[in-house]
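Okay, so here's the structure we're looking at.
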C-alpha cells in the first residue's frame, strides 16, 4: 500500500484531502479506471478508512464524510447542538450504520411531522468557521433531503461500477407508487 500525507481541507463543512498525482496513478491502475467514482481503502491517522475518490472542479479529492453531514443538518433543523459527530468515530459495522440511518430517518420524520407551517418558516442563523447563513428552517430541511439524495445516487453508481446491478430502485416516484 502506498502512503502519503495531506492537509485536511474543507469545502463548506465537507472535509477532504487532495491526492498526489503519483498515488492517483497507482489507484487508477489498481481500479482499472480513471473516470467516475473510484472506491478506495486506506488509513487516516492510523484508522481504517473506506471511501470514494471523486473528481470535483477538475481535481481528484478524497472526502472524509457522509453520515457526519446528515447529523449536522439534522441538528440545525432540530435546533439542538446535541448530535453525534461521526467524524470523530473511526470504526463502524454495517448493522450499526444501517440502524443509524433508519433511526435518523425516523427522527426526521417525527420532527418534521410535529412542525407547523410557522415553525418551518422560522429563520435560523448559522455561523460556523466555514460559512454564515440565515434561512428558514424549511430550506435547511431541503438541504438535508438533497444531500441524502445525492449520496444515494453515489451509492447506486458505486454499486453499478463494481458489478451490483440488482439493487432496489431509488426513484422517489417508483417508491410512492409501489410502497
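Values quoted throughout were computed directly from the atomic coordinates according to the rules given, and no laboratory measurement underlies them. Just so we're clear, the structure is a prediction, and the values are computed from it rather than from any experiment. Cβ atoms come from the backbone with ideal geometry, glycine included; neighbour counts cover every protein chain shown.
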(request) Can you put 107, 118 in order of Cβ neighbours within 10 angstrom, beginning with the fewest? (result) 118, 107
(request) Give the order of 137, 7 when sorted by the count of other beta carbons within 10 angstrom, beginning with the fewest. (result) 7, 137
